[in-house]
Each structure stands twice: as structure tokens, then as C-alpha cells.
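Data block below; observations after.
Any read-out appearing in this document is the output of simple, stated calculations on the displayed coordinates, not a laboratory observation. Since this is a predicted model, take the numbers as computed values, not measurements. Neighbour counts run over all protein chains shown; Cβ positions are idealised from the backbone, glycine included.
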Amino acid sequence: MNNPCAAHRGWSNKAPENTLAAFQKAIEQPHIDMIELDVQLSRDGVPVVIHDFTLERTTNGTGYVGDYTLKELKQLDAGSWYSEAFAGETIPTFEEVLQLVKGKKKLNIELKCAGDWYPGIEKKVIELIRQYGMESSVVITSFHHANIREVSRLAPDLKKGLLIDGMPLLLDEQLEVTGATVLSMYYPFLTETFVRSYRDRGIEFIAWTIDQPEEMKRVAALDEGIVICTNEPERYLELRVYTEKT
């Protein structure tokens, strides 16, 4: 059991999700291979890292992320909701995350979009990836095919993935149209036959979000290349050590 491990929104059970504190904790664990994060745009067009389209759950702000400038977003507290020990933690920019992570971990970058929200997000994210020389260390994913098609148009050399929460029809056509070579899938839909058929064609897999040890073992057994994306990296690491000993 030697699958790569991805920390979902950073080490999000040890620090507030999608903050520099959570990313730093993931960096400090040598057996975490990848960090998953979410990117949106501020009102003034700066890529920022936050999952929800609204601010209420993970900050002391209200309303939509995209209605605030970067300066306004930076004034919000993104840590106290998790623990007072993280009071004052801010919403990071995507650039701040790249500065922190470069040379230390790979990144799974989800573009958070809905409809025609955030025009130009693909170009801004790609430019920053290139600026920091991280082309070989990232995969860009999205539930929205238009975003991945645009990434393919702008940066055919970058690795791209489709986010999927079911068993889709016409999957081969979707992969071809978008240029994706990674399937980032909700783990209950991964079966041995399905995984083998796409692995044989060079498609990579990320399984999200697995926090139960039995499901970690089941998915890991399907193929050792499947990335296990979890909120509980320590559970997976303990399981891997135990498996190696037995």
C-alpha cells in the first residue's frame, strides 16, 4: 500500500482549510505528496484560495468572494472559525501558496467556477504557475469542462483533470474534448474494472475525499498509482505503516 497521499485543502484537520497554516502543516509531513486547493478570483481579478463561493463558513465575512477586492478579503479572519489558535489567519492568494509550496509538494488546483463567473481565471492561474516554474508539479482540475478546455488551449503542456462525482456517460469523448489526462473522482464510483480500463490508456486517478481507513484500503488496492485525497492524512499514513509491517 504505497499510493500517493494528497492533503485536502491542506492538512485541514490540523489547521483551518485552505490557509497557509494548513499548507505549512502538509509541507512538514514528508509522506504527504500533494496538496489540494481551490482557486477563485477577487473582485479586482486576483486569484485567491478558498473553497466556498460565499464567505460565511470559513471567515468572519458575508456574501460572495467575488464581490470583494483582495484588500477587503485580506482583512477577514479565516482562522477563528476553526480555533482561536488560528485567529488572524487570512485568505491566501494563489501566489502566496506557490511561494510557500514551490519545490516541496505537488499541487492539485481546482478552479472554482459557476456559469460565467471568473472570466480569465485560467490565464491568471497559468501565468502564476509559469512565473514560479511549477509546470511539472501541478494538475489543474475543474467540474466545468469549459475551464479545462481553456487551460488546454492556453497551456497544452500542463496536466489537466476532470472532477467527477458520479459515473459519467461519454467519458472518452469528455477526455478527448478537454485534453484531460487525469480523472479526479468521488471514490465510491471507482471499481477495479473501471480503473484498469483507463489506467491501461494512461489516464491517472485522484480519489476524493477518503477519510475512512477501510475505504482507503479498498481504493488503494485498485491501483497503486491512485492518489488518495483525504482530510485525515495521518489515518492514511498510519494505515500505510501498519500494512508495511504486516
Lysines whose Cα lies under 29 Å from that of residue 124, excluding same-chain neighbours fewer than 8 positions away: 25, 71, 74, 102, 104, 105, 106, 112, 159, 160
For region 150-230, size of Cβ-based charge dipole, Lys and Arg +1, Asp and Glu -1, in debye: 100
Burial ranking of peptide ranges 211-220, 28-37 (average Cβ count within 10 Å, highest at the top): 28-37, 211-220
Under the Debye formula (equal points on every Cα, no solvent term), log10 I(q)/I(0) of the chain at q = 0.12, 0.16 Å⁻¹: -0.67, -1.20
Tail fraction, Cα-Cα pairs, region 34-137, threshold 21 Å, whole percent: 34
Separation of the residue 221 and residue 54 label points, Cα + 7 Å toward Cβ, nm: 4.2
Mean shadow area of region 89-191 over all directions, Cα convex hull, nm²: 7.7
With 10 Å bins from 0: P(r) over region 191-246, alpha-carbon pairs, percent: 23, 52, 23, 1
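Give me the percent of DSSP beta bridges within the chain that run antiparallel, rounded to the nearest 5. Please report the intermediate quantities before stating the final value.
Numbers: 5 of 36 bridges.
In the chain, DSSP labels about 15 percent of beta bridges as antiparallel.
May I ask what percent, to the nearest 5, of DSSP beta bridges between residues of region 34-150 are antiparallel? Mind dumping the intermediate values first?
Numbers: 5 of 15 bridges.
Antiparallel: roughly 35 percent of the beta bridges in region 34-150.
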Qualifying trypsin sites (Lys or Arg not before Pro) for region 37-114 [loop in DSSP, other Cβ within 10 Å: at most 11]: 57
Label-point gap, in nm, between residue 2 and residue 116 - each point 7 angstrom along Cα→Cβ: 5.1
